[in-house]
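Asker: Could you have a look at this structure, given as structure tokens, before my questions?
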Amino acid sequence: MNPTMSAAAGRAFQESKMSSKPDAAGSESRDATAQQARLRVAAVQLVSSTRVDENLARAGALIAEAAAAGARLVALPEHFALLGRSDRDKLAIREADGAGPIQRFLAAQAAANDVWLVGGTLPLFSPNPGKVLNTSFAYRPDGARAARYDKIHLFGFEHGDERFDEAATIVPGRTPVVVDIEVGAAGAAQRWRAGMSVCYDLRFPELYRTLVPADLILVPSAFTYTTGSAHWEVLLRARAIENQCYVLAPAQGGRHENGRRTWGHSMLVDPWGEIVAMHDEGEGIAVGDVERSRLDAVRASIPALRHRVL
């Protein structure tokens with residue numbers, strides 16, 4: 001799925017570019033470089049089971065598929081390693097920061113596929129022995145860790161027979177995190193600023209204001225079918241539009257062994273709010289390009305970030 005902006009908007013952006021003539025060869029060269037700057041990204045969609053080894057194997061296969069499609073950044077969904085029969089099952093696989101089989105898997109996959117890898121979330125030990133931190137790691141293409149973000153907002157939901165209370169097993173994080181994604185040879189590397197978030201964070205726009213200016217927002221998720229069918233796409237597009245950046249949202253998507261059904265529809269959304277790529281249900285990947293020229297054109301057309309008052 002590769003929708004584009006409306007014809008009128010496209011003409012407006014093109015006319016804006018044409019009216020700005022370079023005043024020197026250096027400016028013309030910089031403009032050409034900006035036009036060429038792009039980052040291919042992939043959102044991995046899973047239907048995680050109650051077996052960690054099986055989930056890691058499926059994640060590994062899809063990371064390799066995304067890398068083969070040219071992705072330089074690959075992101076996994078929330079709880080990619082386990083969706084247990086009970087919310088407390090994740091306590092059995094929690095890891096210490098910097099150690100453990102799931103973290104080793106992520107580092108190895110980043111290095112083996114030569115990609116930036118955002119490891120969805122995994123459970124870490126917390127100060128509360130009965131709870132975990134729900135943590136997203138970012139790894140460089142050499143397997144070194146680049147960033148850690150602990151999910152701040154914890155999901156609570158009651159609707160008929162559906163009930164979720166993440167605060168019963170998870171300790172909230174406190175700190176917003178931005179990571180610089182560098183791609184390319186030394187001396188000619190492109191740098192992309194990526195803000196980290198997880199699932200329920202999506203409903204709190206004030207978090208994302210602390211991350212801008214960002215080129216890309218990451219939202220690994222496991223939205224329920226009920227909430228996802230109602231709100232997932234509109235929230236993702238809103239965060240992209242209001243922050244004038246791309247949003248990459250890998251998700252769980254299907255019927256799980258524990259009876260839970262997740263919405264899926266992993267996608268990449270551009271700063272105009274258009275869906276660049278999407279995978280609706282079941283395992284798969286959504287691959288698309290983050291383009292510097294698109295970011296610049298949208299921000300020039302409506303300089304909303306410069307117009308902020310509060």
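Asker: Return the Rg/Rh ratio of the chain with Cα-based radii and a Kirkwood Rh.
Answerer: 0.98
Asker: What length, rounded to one decimal in nm, is gained on full extension from residue 229 through to residue 189, with 0.36 nm per residue of separation minus their alpha-carbon distance?
Answerer: 10.5 nm is the gain from fully extending residue 229 to residue 189.
Asker: Under unit Cβ charges (Lys, Arg +1; Asp, Glu -1), what dipole magnitude, rounded to 20 debye, does the stretch 151-306 have relative to its Cα centre?
Answerer: The calculation lands at about 460 debye.
Asker: If you fit an axis through the alpha-carbon atoms of helix 25-36 and take the longest principal axis of the Cα set of the chain, what angle between them do you get, 0 to 90°, nearest 10?
Answerer: Helix 25-36 sits at roughly 30 degrees to that axis.
Asker: State the antiparallel share, in %, of DSSP beta bridges confined to the chain, rounding to the nearest 5.
Answerer: Just about 70 percent of them are antiparallel.
Asker: Take every DSSP beta bridge with both residues inside the stretch 78-226 and express the antiparallel ones as a percent of the total, to the nearest 5.
Answerer: Roughly 80 percent of the beta bridges in the stretch 78-226 run antiparallel, per DSSP.
Asker: Choose one of 263, 278, 177: the residue whose Cα lies farthest towards the positive end of the charge dipole of the chain (beta-carbon charges +1 Lys, Arg; -1 Asp, Glu; about the Cα centre).
Answerer: 177
Asker: Against the longest alpha carbon principal axis of the chain, how many degrees, from 0 to 90 and to the nearest 10, is the axis of helix 7-19 turned?
Answerer: So the inclination is approximately 50 degrees.
Asker: Each residue of the stretch 80-91 in order: what ³J(HN,Hα) in whole Hz does its phi give by Karplus 6.51 cos²θ - 1.76 cosθ + 1.60, θ = phi - 60°, with x for Gly and Pro?
Answerer: Once rounded to whole Hz, the list reads 4, 7, 6, 10, x, 6, 10, 4, 7, 4, 5, 5.
Asker: Oh, and also: Can you find, among 156, 49, 62, the residue sitting farthest towards the positive end of the charge dipole of the chain, where Lys and Arg contribute +1 and Asp and Glu -1 at Cβ?
Answerer: 156
Asker: Pulled fully out, how much extra length does the chain show between residue 92 and residue 161, if you take 0.36 nm times their separation in residues and subtract their Cα-Cα distance?
Answerer: Answer, rounded to one decimal: 22.2 nm.
Asker: OK, next. Pop a pseudo-label 7 angstrom from the Cα along the beta-carbon direction at both residue 307 and residue 206 and give the gap in nm to one decimal.
Answerer: Going by the 7 Å Cα→Cβ label model, 2.4 nm.
Asker: Give me, ordered by chain and number, the residues 5 or more places off residue 177 or on other chains with an amide H under 5 Å from its own placed amide H.
Answerer: 196
Asker: For residue 51 and residue 128 in the same chain, what is the full-extension length gain: residue separation times 0.36 nm, less their Cα-Cα distance, in nm?
Answerer: Extra length available between residue 51 and residue 128 comes to 25.2 nm.
Asker: Send over a whole-number figure in Å² for the accessible area per residue of the stretch 168-310, probe 1.4 Å. Numbers along the way, then the final one.
Answerer: On the way: 5570 Å² over 143 residues.
About 39 Å² of surface per residue is accessible.
Asker: Another one. Give a residue-ordered list of calculated ³J(HN,Hα) values for the stretch 221-236 (Karplus: 6.51 cos²θ - 1.76 cosθ + 1.60, θ = phi - 60°; whole Hz; x for Gly, Pro).
Answerer: So the Karplus estimates, Gly and Pro as x, are 8, 9, 4, 5, 4, 5, 6, x, 5, 8, 10, 3, 5, 5, 5, 4 Hz.
Asker: By how many degrees, between 0 and 90 and to the nearest 10, does the Cα long axis of helix 52-68 differ from the longest principal axis of the chain?
Answerer: Once rounded, the angle reads 10 degrees.
Asker: Turning to a different aspect of this structure: Taking H placed 1.01 Å from N in the peptide plane, check which residues at least 5 places from residue 95 or on another chain put their amide H under 5 Å from its amide H.
Answerer: Distant-sequence amide H within range of residue 95: 124, 125.
Asker: While we're on this one: Hey, got a sec? Which trypsin sites (Lys or Arg not before Pro) in the stretch 137-234 land in a DSSP loop and have at most 14 other Cβ atoms within 10 Å?
Answerer: Within the stretch 137-234, the qualifying trypsin sites (Lys or Arg not before Pro) (loop, at most 14 other Cβ atoms within 10 Å) are 174.
Asker: Sum -39500 (n - 2.57) across every DSSP H segment of at least 4 residues in the chain, then divide by the residue count to get the 222 nm mean residue ellipticity, nearest 500. Before the final figure, lay out the partial values.
Answerer: Values: 7 runs with 81 residues, N = 310.
Taking each H run of at least 4 residues, the total per residue is -8000 deg cm²/dmol.
Asker: Report, to the nearest whole %, how much of the accessible area of the chain belongs to carbon and sulfur atoms, 1.4 Å probe, protein only. Don't skip to the end; give the middle numbers.
Answerer: Working: 7010 of 13680 Å².
Carbon and sulfur together cover 51 percent of it.
Asker: If you take every DSSP beta bridge whose two residues both sit in the stretch 180-274, what share of them, in percent to the nearest 5, is antiparallel?
Answerer: Counting only bridges with both partners in the stretch 180-274, antiparallel ones make up about 55 percent.
Asker: Please list, in order along the stretch 37-44, the HN-Hα scalar couplings obtained from phi with the Karplus expression 6.51 cos²θ - 1.76 cosθ + 1.60 (θ = phi - 60°), rounded to whole Hz, x for Gly and Pro.
Answerer: With coefficients 6.51, -1.76 and 1.60, one gets 5, 8, 10, 7, 10, 9, 9, 8 Hz.
The values are calculated or read from the model by the stated rules, or taken from the named source; none is laboratory data. Not measured: the values here are computed from a predicted model. Note that each Cβ is placed from the backbone with ideal geometry, even for glycine, and that neighbours are counted across all protein chains shown. SASA here: full protein model, heavy atoms, side chains in, ligands and nucleic acids out. Shrake-Rupley method; radii C 1.70, N 1.55, O 1.52, S 1.80 Å.
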